[in-house]
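What follows is a single structure, written as structure tokens, with notes after it.
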Amino acid sequence: MTDAARGAEVLRAAAERTPPHWAVVSGSGLSGLVSAFNPRRTLGYAEVPGFPVATVAGHPGQVSLAEAGGVPVWICLGRPHFYEHGDMRPIAAFVRVLLDAGVTHLLLTNAAGALNPAFRPGDVMVIADHLFLPGLAGHHPLLGPNDPRGERFPALAGAYDLSLRAALSQALAQTGLTSREGTYAMVAGPSYESPAETVLLRHLGADAVGMSTAPEVVVARHAGATVGAVSTITNVAGIEEADNAGHSAVVDVASTVATDVGAALAAVIRQSGDR
């Protein structure tokens with residue numbers, strides 16, 4: 001039995017008779033979003049085979065069985081990153097635990113640097129598309145034998161569900177946050193982007209940049225799950241002032257909007273229902 005299968009068994013047992021079809025993954029500094037839900041039970045990631053050991057500040061490494069208006073949902077506080085493992089397999093296993101446990105709708109969040117000059121720290125961008133730069137360079141979560149959950153060559157046109165994008169934009173605006181929409185560029189990290197790299201990414205059409213999310217989207221879409229994602233803009237990418245882009249500053253900015261982001265996600269899940 002794979003780690004994903006064993007982890008799914010643990011989650012199904014914890015969920016008892018109400019296995020969630022929804023899961024939310026919090027990014028750096030966004031663990032406070034759980035306060036918008038009604039947690040019923042919490043497990044440490046170490047208790048769930050296939051889940052990562054949390055090594056990055058702002059990623060507590062806990063998964064909560066919670067509710068949004070009576071709709072059950074897993075709230076995952078933290079994620080594995082490519083720069084932690086040098087390997088996409090832990091990211092694929094993390095997502096597949098959730099899928100094997102019955103999740104069909106995945107909502108992802110992250111902290112990101114602004115590339116679009118109109119964006120400001122504290123804005124929240126609904127992701128419409130991505131540039132998966134490590135994947136294009138050969139670091140892809142679907143390398144190797146095809147996983148039987150999906151087709152060998154999954155299409156990613158429309159990977160970010162249009163109806164979820166609209167619902168997320170509306171819900172974010174209702175919280176008072178400035179809601180944007182755009183393209184997210186994933187880089188490998190862990191260094192932040194140089195000014196020249198920032199110019200390159202902007203010319204490629206990206207509006208925000210971070211170090212996660214795209215591989216989770218690929219794995220989920222390969223298996224047929226519905227995906228939505230938002231980036232909390234925490235800094236302006238590529239600027240010279242290092243103190244404006246350090247991880248602690250990123251976590252601090254993200255934490256100021258985490259509750260409102262959680263409220264928007266909870267509203268979308270509540271309105272969509274347990275489907």
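The values are calculated or read from the model by the stated rules, or taken from the named source; none is laboratory data. From a predicted model like this one, the values you see are computed outputs, not experimental measurements. Cβ atoms come from the backbone with ideal geometry, glycine included; neighbour counts cover every protein chain shown. Side chains are part of the model used for accessible areas, which takes the heavy atoms of the whole protein and leaves out ligands, DNA and RNA. Shrake-Rupley method; radii C 1.70, N 1.55, O 1.52, S 1.80 Å.
Selection of region 29-49 for residues being over 10 Å from residue 258 (Cα atoms), out of contact with any Asp or Glu (no Cβ under 8 Å at 6 or more places or on another chain) and polar (S, T, N, Q) yields only 42. I'm checking my understanding of the structure. Among residues of region 219-239 that are out of contact with any strand residue (DSSP E or B) (no Cβ under 7 Å at 6 or more places or on another chain) and at pLDDT 95 or above, which one is surrounded by the most Cβ atoms within 10 Å (Cβ to Cβ)? Looking at residues that are out of contact with any strand residue (DSSP E or B) (no Cβ under 7 Å at 6 or more places or on another chain) and at pLDDT 95 or above, I get 219. Among the residues here, residue 100 qualifies as at pLDDT 95 or above, under 18 Å from residue 24 (Cα atoms) and open to solvent by 20 Å² or more (accessible area, probe 1.4 Å).
Kindly indicate whether any position in region 177-196 is among the polar types (S, T, N, Q), open to solvent by less than 70 Å² (accessible area, probe 1.4 Å), in a helix (DSSP H, G or I) and at pLDDT 95 or above. Checked region 177-196: no residue is among the polar types (S, T, N, Q), open to solvent by less than 70 Å² (accessible area, probe 1.4 Å), in a helix (DSSP H, G or I) and at pLDDT 95 or above. Of all residues in region 1-23, those satisfying the criterion of being at pLDDT below 90 and either assigned to a loop (DSSP other than H, G, I, E, B) or of a type in the set (Phe, Trp, Tyr) (or both) are 1, 2, 16, 17, 18. Scanning region 30-55 for residues that are β-branched (Val, Ile, Thr) and surrounded by 19 or more Cβ atoms within 10 Å (Cβ to Cβ) returns 34, 48.
Under the condition of being more than 25 Å from residue 201 (Cβ to Cβ), outside any helix (DSSP H, G or I) and open to solvent by 70 Å² or more (accessible area, probe 1.4 Å), the residues counted in region 141-176 number 6.
Listed here are the residues, each with its yes/no results for (1) without any contact (Cβ under 8 Å) to a residue 24 or more places away in the chain; (2) within 18 Å of residue 250 (Cβ to Cβ).
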| site | (1), (2) |
| --- | --- |
| 158 | yes, no |
| 164 | no, no |
| 169 | no, no |
| 175 | no, no |
| 186 | no, yes |
| 198 | no, yes |
| 201 | no, yes |
| 206 | no, yes |
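Screening region 197-218 for residues that are under 24 Å from residue 29 (Cβ atoms), of a type outside the set (A, V, I, L, M, F, W, C) and in a loop (DSSP other than H, G, I, E, B) and picking the one that is most open to solvent (accessible area, probe 1.4 Å) gives 207. State which residue pairs qualify: first residue more than 14 Å from residue 63 (Cα to Cα) and of a type outside the set (Ser, Thr, Tyr) and inside region 1-12, second residue outside any helix (DSSP H, G or I) and open to solvent by less than 70 Å² (accessible area, probe 1.4 Å) in any location, beta carbons under 7 Å apart, and separation of 6 or more residues or different chains. From residues that are more than 14 Å from residue 63 (Cα to Cα) and of a type outside the set (Ser, Thr, Tyr), the pairs are 3/49; 3/50; 4/50; 6/49; 6/50. Listed conditions (1) open to solvent by 30 Å² or more (accessible area, probe 1.4 Å); (2) in contact (Cβ under 8 Å) with a residue 24 or more places away in the chain are all met by residue 27, apart from (1).
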